[in-house]
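Taking it in order: structure first as structure tokens, then the write-up.
The values are calculated or read from the model by the stated rules, or taken from the named source; none is laboratory data. As the structure is a computational prediction, the values presented were derived from the model and not from experiment. Don't worry about glycine lacking a Cβ; one is built from the backbone with ideal geometry, like all the others, and counts go over all protein chains shown.
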């Protein structure tokens, strides 16, 4: 038994699986043999016996490594990403770095119209956005933000979800990171607003469209029913014109097998759910399909595509429409004067039952999910339910799948935010059915992936931001900086050893500064303790935590924050009570962040609107309205309120170099 465990540990190490790990408190932990065997099986390295371990070890040693798929650039190979200074043309002459700011927005939550025009029978006046944010609303936000001096809009992920499953709406759990979420399409862009209005009338969906457009929370199943019915109706009537469009034909040709596979997946998935899932939600994805359909190159799949050409073509047309809309939004941002434009958000993984895993099964790890080990913020650990790339497959293909994904994300963007960028070095992998703490770290080819990231950044003239929060290995952030990748710093976590908030001049330079993220409370919510209220309501406490202890700590932290804001000259007077208006806190926080030496500050749209509820509460699914909150007003009006204009003025004042009166 001892010899087998020793051989098992040696195989795991050779395969890149760490046999031990250290928690956030510095305590060491050993990975169990059962976890090692389960993860090795996922890596296609069976380890159930000594003979299997020996055979897997020998096979691993013989595997060749393919050269990188990144062709050389015309200029010498660069070692740093395209920078914000590159984007602006020059850094600030007195400080050496630009002092830019932008807005972080949840695309689905944007409002385009209130539907009043359609309700009054004025079809041409607009009929609302059919219940969720779209690329036209994004373009409007970009123009409004640029008019006030913003350099960029950081956008929530727009990866493809499951068109046939409106309950799978988390932007961070995509079906594919190679294609787009069709719910971001503005239906009016297909054939014009009047045609959309006529379609709503034909389908008898006018009242329902007005209802879903007015709701404060997105009713995703209802929105999907309305929006998909309208888009399908419009494509059926105008498909011939679209198919004759040279731009569309070019996109289809350029998309090749990848786009064809995605369209086939969408058509098959919809068919399987309609014919085999009585509740419309099962079976979930290709792993529940009949065996003959699980291989994208099977005769059954080819026959289905021939018999359902209309559904396949419709999926391709929707991808074209989504791409056109996103491209138009980015162009609107650049035309309005933004130095960067849109910053795309790249999710850390994909749903293992989705289109990318189906069409790239040899590239994905099926049978394990990504998460995080227990830490101070999540004492039970986290399981994100996502599939990751196989590091062995990446190496064998010259990292082609990673490069393909980067290019897809940068197609219509001037920058990219890589979610959980620590995943380029290692991922916490959990065997299916195991608890989050029963996982292990899997090593990835960091240097190769960083090199590919730099090259694609230069090729697309796009800045790169890494979400480097959590348990960060020593030296990792220095490595990001050496490659020109900006880290991320969140106000709530920037403290000294005694727990006091760092003054602006002590913040690091090569990072993006923000008050909060989509997974954390808004500034108003943090001040009021809304996140603690939610955790108490749902019982989301770690060992030793209580609502009372957290509220006592928050009271201390409020005092610490107000003192830090006051010392920076961002606020004065007495701090507002926890449940009083948080306006002075939001205003002061934005000015405080503006004073940091970071080249970019991102202001969450929720803070500009003064909202108290966060977009997502980790550890919940249906218990909290994750990914459903809408903005209280349409754009561009949202940035024209007195409060929003005041806050942006405070941010701009903080961004001015010392001595600059402008």
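For the stretch 551-607, which positions are in contact with a helix residue (DSSP H, G or I) (Cβ under 7 Å, 6 or more places away or on another chain), assigned to a helix (DSSP H, G or I) and closer than 28 Å to residue 88 by Cβ?
The answer is 586, 587, 588, 589, 590, 591, 592, 593, 594, 607.
Just to confirm my filter: which strands (runs of 3 or more DSSP E) fall fully inside the stretch 398-510 and include at least 3 residues that are under 27 Å from residue 597 (Cα atoms)?
Here the list reads 415-418, 463-466, 487-490.
Among the residues of the stretch 158-170, write down those that are closer than 12 Å to residue 350 by Cβ and surrounded by fewer than 22 Cβ atoms within 10 Å (Cβ to Cβ).
Hits for the stretch 158-170 are 168, 170.
Scan the stretch 647-659 and tell me whether some residue there is over 19 Å from residue 517 (Cα atoms), in contact with a strand residue (DSSP E or B) (Cβ under 9 Å, 6 or more places away or on another chain) and crowded, with 20+ Cβ neighbours inside 10 Å.
yes
Limited to the stretch 207-238, what total is found for residues that are more than 28 Å from the chain's Cα centre (by Cα) and closer than 14 Å to residue 187 by Cα?
Number of matching residues: 6.
Go through (1) over 23 Å from residue 167 (Cβ atoms); (2) touching a residue at least 60 places away in the same chain (Cβ under 8 Å); (3) exposed (fewer than 15 other Cβ atoms within 10 Å of the Cβ) one by one and return the number of the condition residue 246 breaks.
(2)
Go through 113, 127 for me and flag whichever is surrounded by fewer than 24 Cβ atoms within 10 Å (Cβ to Cβ) and at pLDDT below 95.
Going through 113, 127 in turn, just one is surrounded by fewer than 24 Cβ atoms within 10 Å (Cβ to Cβ) and at pLDDT below 95: 113.
Can you name the condition, by its number, that residue 288 falls short on among (1) crowded, with 19+ Cβ neighbours inside 10 Å; (2) under 30 Å from residue 624 (Cβ atoms)?
Result: residue 288 fails condition (1) only.
Which of the numbered conditions does residue 569 fail, given that it passes all the others? Conditions: (1) in contact with a strand residue (DSSP E or B) (Cβ under 9 Å, 6 or more places away or on another chain); (2) at pLDDT 95 or above; (3) on the phi > 0 side of the Ramachandran plot.
Exception for residue 569: condition (1).
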